[in-house]
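Undergrad: Can you keep this structure in mind? I'll have questions shortly.
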Ligand SMILES: Nc1ncnc2c1ncn2[C@@H]1O[C@H](COP(=O)(O)OP(=O)(O)OP(=O)(O)O)[C@@H](O)[C@H]1O
Ligand SMILES: Nc1ncnc2c1ncn2[C@@H]1O[C@H](COP(=O)(O)OP(=O)(O)OP(=O)(O)O)[C@@H](O)[C@H]1O
Ligand SMILES: [Mg+2]
Ligand SMILES: [Mg+2]
């Protein structure tokens, strides 16, 4: 109970929001629109899983938004050239992985601070893409939409895939050795080394992993509509980092889990539709998001302070 | 002393000097490729004095934010909220002047006070609750911008500022753009604070070793608070200059400026891990980015492609990576060498 | 005796940058023996074992395991070769649970292997039970006390099923009951043919447990002996290279007024309770006790890092409330902390900056830096304390441990304190610098300073102190006169014998 | 831009084109100031921020540079002519009227905008609301949601809007990524025809939805003509052919345009619908 205080408090906050919605705007809970909203967040969830790993490993990746855009556009272009989905999907994941590898190489290989490295790659990728596409949409062939399935079939598939990934990764972080390595490295890289783990390699792989997940998420996003906007994914990094942190993953590494990150994402993702349903003006949205982030960390800070005193 | 000579050599190869060389090279490059004579026989482009003033004028706000961030990053902290705080203070300044009917100076002082309060919120959360600055300021980044939007409903734009105020942002005084004087003043003040007072010394100490600073009896929390409050004050100042330059105060003022400012600081050689770095390095970083951006806009090739914005972003990112790699290269080489010897 | 030793080190050399921690050490370990490794602080014991466990690569020399020369040892390959180790600084993961910590150290193999949490927990509990530790397996390690962490380390090493088990000061923070359990475990290991390398500063343990003993001094082996062939005095002589009694300068001062008076002081957060004692001007008040006895915690209370919540502190007869280090400094209290690298000196800052760090308001009036004044002050201290360095601008990290300690000391002497608290001032300091520090302490006492000297080095406390306070479990157990018998001090520290005379 | 290029070619002038990818007043000022020091002959601007840009433009005029504005005007004293294709009022009224026509002046509708702070969006929204209050009492604006110029976000917002407002009849997107985003949401919600989509945008991005009947009409000032006319006006101004008191202006192949005051009138905004959208490719 004490151990999962943070996760539970996020779940409680989420519960409160949902309860509020149930009381004042029950229309929120119509199955079809809700499924659509969840589907829209599915790619974000995939990236958030990767970000949780990166932050648990005591790094950060603010280039995911740009990676997402690059993967989306490239995948869209390949699709437009007639590549089938079975090829575009791995190609996008591979592209993401190689973008992640650049970050990983710089961070793990040269021991550069990840926040600065990924700041640089974020700007470089984003502007490179702008230069290359000038904001022009990419039109995708029809057979790509919903992975070639029916709409609801596609939606369930995407949501299912995102959930499956979350569950597999969430369990793997606890029940597979590699997951524990990530925690170990994030907690104390030197102790990890003494325990026979290679911190550099773990860091490198974690960046590749988030890259691959971002590539995957890009596909999950572009199949939801027939056009790819090069700007898509802008601001994704902040959304995802905020979600992960609100969900109790410590920015100093080693603490937190994917379930918390998931709850955090749901909470933040709820804000915007909740405002719409409660007929609150949109200009409150950012302030409320900021307040949620601050409340979450302040609650945690107050608690850990009390604990260290007691 | 026997170490004098290598020290002298090391100084010529210090990060700041290298950056200065890059800056000079950049400037010369653009001077020769970005300057032309137009049909009327007037020299135009990068090489003109007006151009230099524009560069100065355009870098004042981001430069101020970079100055605000330098002490913060020296303490191994970060402040993502400066750009949002700029927006909020611009709005409040407009509101004080326009809606509350206060005079410009009073409104400005109040806006700066609000900046200080914004910084104090960051400081309070970071020092009393020991929360990581990255997260706290990520929250206030959203909160401050959100408040600016909520106050104005996103819609209200304060304009029609008096000429005497716009003078600050749009005219020249004693040969230089007016705001450049203010910028210079802040730069000198921050430089003195960081390099010539015990405050700066404490910032570094805290950045290198917070434990060491505490055990040495330095008032760690007070110094940290100072750094964030100062960042708030300087952001508010930047808000006023921004308003004067554009003649309008709107909730989106300064969007994305924090990233530019952080980039400039890091490019200027301040370690994101805290402790080492300098204010003049930051100024050089700001200049290097500004010259790059403006210079590219003067290159005929780039202009025809309509790619100044993208190119400058691209090259700034590349420059940053290059600077970072360069800064660790000697260390890496020196760790490789002993390994090779026994083989 | 078995034909090939289990482990053999030949002419092992290890340098850290400029520091030569090992200078060609030969060493061997047989199956079924406990081989003790002895030596002063900084002699190179930990370094030696780190090369064996693959934590650090040796600069040169050969490591032979079961007759086969191995090179490029990493922690993983070492583990695969059957080497397990309890490190001196617990190498545990504070954010992870006890079970996970034990598992991470024990489980080798594929990264994609599935973890069986139930089996892991059962195993962890089994191991903990074997060493008699009552620790909740699901507790996060950060919530454990130092001795408990040490026990987890021991459980890790035990569970590895290794052929070679290395223990670097495993008993440093254990209570006697736990020690006896540990001894039983070690004997059991020996019985089953495991080779144990056992490092300890406590000679009586070595006589109780070890078969052979190798003594290291300044990175060199000065001899291996069967335990039956050598006595305590002989070992000490080997370790320090001369008679112990000679090293400590005699006390020249006579105690003056009471400077500090501590009455029933306690601090719940740091586990200090009801400590009462006085320190006089010109007196060196030693604080002895085992590691984890609470001496550092007491010092932190007196220095305002964890302010006292009960009792009262009087300085020169006046009651004061010390709420922060700034406050303590203002009252003329100085504290040279034990963790030199983290708290004592800021490694990245120049020596001069380090030396003036605690006197900013005095040397830099109006907060303006005066480089000239700073430099001359630094040069003065460098000369006075004979700090070996390239100059006042050299970074603190470029100095050797002893010289860092002098810089740390200089910082506090510059504050012209009335009370100086020294916490392990000679830990990891070489013999020469050590006696210099001792001389400085004596001189300061002679000049009328009240000194509290915390040290785990028993001969040092006894040799240097005018009176000795012995701590245990966060409270002051006894106050003994200077030059007490080491056995009496140790007994008081362990809390076994009857209370010594005050 | 295409039209501008064509005009530039016909007239044999060099054209520099620069526009911030994101609408940002500060950036626009910087671009204009850049041009001033480059010493161009004419500057044509679609003002992002009326007061802000005007200072820069006055400076340009002082430096002997002719200034025309198009699309969105600056302060009148900061330029010679405004090539007026659609005033914000024209656009706002146009959009509102089109929405009312589709709904028979009755029912709920919502607006998707780029950001709450973007100047042009604010302006259009203001006129939409004014028109609504003035003429369509039976219509109701239920929400204004920003989409940050992101199509994906527009899609999410539209989905939420529809489920939060069961009686929603129409979504009006006043930023170009918003139109296909909203259309996709409507289509996915299976509300094609029940919830109508209109907005400001480009034909290529919307063709598919217009044909499917999701999007009813996309409104755009004819950028080709606008650019063409602007360049002609600029060049004429520089050559002194266009005098401040002119009443008409002849621009190459487009023929003659009326000048009212200092506004060169291009005509009404262009409306794409099923019938004509395939004729355009940009
Ligand atoms: N990582 C390191 N970098 C630089 N020098 C080091 C490092 N580790 C140890 N040393 C130095 O190597 C020498 C030997 O240290 P080591 O830790 O092996 O001593 P020890 O015999 O284990 O002492 P103790 O009894 O205090 O544990 C010391 O002078 C120490 O300062
Ligand atoms: N409230 C507490 N609860 C649990 N453990 C504590 C508490 N306070 C302190 N400890 C632990 O008890 C020990 C007290 O150690 P302290 O550092 O004061 O001992 P010491 O006598 O100075 O020994 P040394 O300095 O030689 O390690 C520390 O290891 C600390 O982690
Ligand atoms: Mg050791
Ligand atoms: Mg201690």
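The values are calculated or read from the model by the stated rules, or taken from the named source; none is laboratory data. If you're wondering where the values come from, they're calculated on a predicted model, not measured in any experiment. Positions of Cβ are generated from backbone atoms using ideal geometry, with glycine treated the same way; all protein chains shown enter the neighbour counts.
Undergrad: Of the residues that sit in segment D:163-188 and are within 7 Å of chain A (Cβ to nearest Cβ) and closer than 26 Å to residue A:142 by Cα, which one is surrounded by the fewest Cβ atoms within 10 Å (Cβ to Cβ)?
TA: Per the criteria, the residue is D:184.
Undergrad: In addition: Scan (1) away from chain D (no Cβ under 14 Å); (2) buried (at least 17 other Cβ atoms within 10 Å of the Cβ); (3) touching a helix residue (DSSP H, G or I) at 6+ places or on another chain (Cβ under 6 Å) for the single condition residue B:121 breaks and write down its number.
TA: (3) is the only condition that residue B:121 fails.
Per-residue answers, yes or no, for (1) closer than 21 Å to residue C:339 by Cβ; (2) within 16 Å of ligand 4 (Cβ to nearest atom); (3) within 14 Å of chain B (Cβ to nearest Cβ):
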residue	(1), (2), (3)
C:414	yes, no, yes
C:417	yes, no, yes
C:444	no, no, no
C:455	yes, yes, no
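Residue by residue, here is whether (1) within 14 Å of chain B (Cβ to nearest Cβ); (2) under 30 Å from residue B:255 (Cα atoms) holds:
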residue: D:104; (1), (2): no, no
residue: D:110; (1), (2): no, yes
residue: D:114; (1), (2): yes, yes
residue: D:120; (1), (2): yes, yes
residue: D:127; (1), (2): yes, yes
residue: D:132; (1), (2): no, no
residue: D:155; (1), (2): no, yes
residue: D:161; (1), (2): no, yes
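Undergrad: Which is away from ligand 3 (no atom under 16 Å from the Cβ) and either outside the structural domain of residue C:441 (by TED's automatic domain parsing) or modelled with pLDDT under 85 (or both), of C:489, C:461?
TA: C:489
Undergrad: May I ask you to list the residues in segment C:43-78 that are in contact with a helix residue (DSSP H, G or I) (Cβ under 8 Å, 6 or more places away or on another chain), in a loop (DSSP other than H, G, I, E, B), away from ligand 3 (no atom under 16 Å from the Cβ) and within 14 Å of chain A (Cβ to nearest Cβ)?
TA: C:54, C:57, C:73
Undergrad: Do we find that residue B:256 is touching a residue at least 12 places away in the same chain (Cβ under 8 Å) and closer than 22 Å to residue A:235 by Cβ in this structure?
TA: yes
Undergrad: Residue C:126 fails exactly one of the following numbered conditions: (1) surrounded by 15 or more Cβ atoms within 10 Å (Cβ to Cβ); (2) at pLDDT 85 or above. What is the number of that condition?
TA: (1)
Undergrad: Does segment C:327-342 contain at least one residue that is on the phi > 0 side of the Ramachandran plot and within 16 Å of ligand 2 (Cβ to nearest atom)?
TA: No.
Undergrad: With the requirement that a residue be within 14 Å of chain D (Cβ to nearest Cβ) and without any contact (Cβ under 8 Å) to a residue 60 or more places away in the chain, what does segment B:133-145 give you?
TA: Of everything in segment B:133-145, just one residue is within 14 Å of chain D (Cβ to nearest Cβ) and without any contact (Cβ under 8 Å) to a residue 60 or more places away in the chain, namely B:142.
Undergrad: For the subset of segment A:126-161 comprising residues that are within 14 Å of chain B (Cβ to nearest Cβ), more than 23 Å from residue A:87 (Cβ to Cβ) and touching a residue at least 60 places away in the same chain (Cβ under 8 Å), which member is nearest to the chain's Cα centre (by Cα)?
TA: So, considering only residues that are within 14 Å of chain B (Cβ to nearest Cβ), more than 23 Å from residue A:87 (Cβ to Cβ) and touching a residue at least 60 places away in the same chain (Cβ under 8 Å), the one nearest to the chain's Cα centre (by Cα) is A:126.
Undergrad: Only one of these is exposed (fewer than 13 other Cβ atoms within 10 Å of the Cβ) and at the interface with chain A (Cβ under 9 Å from one of its Cβ atoms): C:92, C:112. Name it.
TA: C:112
Undergrad: Before we move on, is residue C:153 more than 14 Å from chain A (Cβ to nearest Cβ), outside any loop (DSSP other than H, G, I, E, B), farther than 23 Å from residue C:27 by Cα and within 16 Å of ligand 2 (Cβ to nearest atom)?
TA: Judged against the criteria, residue C:153 is not a match.
Undergrad: Let me ask another. Within segment B:273-311, can you find the residues that are facing another protein chain (nearest Cβ under 10 Å), assigned to a loop (DSSP other than H, G, I, E, B) and more than 19 Å from the chain's Cα centre (by Cα)?
TA: B:306, B:307
Residue-wise test of (1) more than 16 Å from residue C:161 (Cβ to Cβ); (2) away from ligand 4 (no atom under 16 Å from the Cβ).
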| site | (1), (2) |
| --- | --- |
| C:46 | yes, yes |
| C:57 | yes, yes |
| C:60 | yes, yes |
| C:63 | yes, yes |
| C:74 | yes, yes |
| C:84 | no, yes |
| C:90 | yes, no |
| C:113 | yes, yes |
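Undergrad: Looking at residue C:296, is it more than 11 Å from ligand 2 (Cβ to nearest atom) and away from chain A (no Cβ under 14 Å)?
TA: no
Undergrad: Can you name the residue in segment C:350-376 that is within 7 Å of chain B (Cβ to nearest Cβ) and touching a helix residue (DSSP H, G or I) at 6+ places or on another chain (Cβ under 6 Å) and is also farthest from residue C:401 (Cα to Cα) among such residues?
TA: Applying the filter and picking the extreme gives C:367.
Undergrad: I want to confirm something. Restricting to segment C:257-281 and keeping residues that are in a loop (DSSP other than H, G, I, E, B), more than 16 Å from ligand 4 (Cβ to nearest atom) and at pLDDT below 90, which single residue is nearest to residue C:479 (Cα to Cα)?
TA: The selected residue is C:257.
Undergrad: Show me the strands (runs of 3 or more DSSP E) found entirely inside segment D:57-152 where at least 2 residues are crowded, with 17+ Cβ neighbours inside 10 Å and out of contact with any helix residue (DSSP H, G or I) (no Cβ under 7 Å at 6 or more places or on another chain).
TA: D:81-84, D:107-113
Undergrad: Checking the conditions here, which among A:288, A:293, A:280 is within 11 Å of chain B (Cβ to nearest Cβ), without any contact (Cβ under 8 Å) to a residue 24 or more places away in the chain and part of a helix (DSSP H, G or I)?
TA: So the residue among A:288, A:293, A:280 that is within 11 Å of chain B (Cβ to nearest Cβ), without any contact (Cβ under 8 Å) to a residue 24 or more places away in the chain and part of a helix (DSSP H, G or I) is A:288.
Undergrad: Keeping to segment D:29-50, report how many residues are touching a helix residue (DSSP H, G or I) at 6+ places or on another chain (Cβ under 7 Å) and closer than 20 Å to residue D:119 by Cβ.
TA: Of the residues in that region, 10 qualify.
Undergrad: Looking at (1) over 30 Å from residue A:275 (Cα atoms); (2) touching a helix residue (DSSP H, G or I) at 6+ places or on another chain (Cβ under 7 Å); (3) within 9 Å of another protein chain (Cβ to nearest Cβ); (4) surrounded by 17 or more Cβ atoms within 10 Å (Cβ to Cβ), which one does residue B:208 not meet, given that it meets all the others?
TA: Only one criterion in (1) over 30 Å from residue A:275 (Cα atoms); (2) touching a helix residue (DSSP H, G or I) at 6+ places or on another chain (Cβ under 7 Å); (3) within 9 Å of another protein chain (Cβ to nearest Cβ); (4) surrounded by 17 or more Cβ atoms within 10 Å (Cβ to Cβ) is unmet by residue B:208, namely (2).
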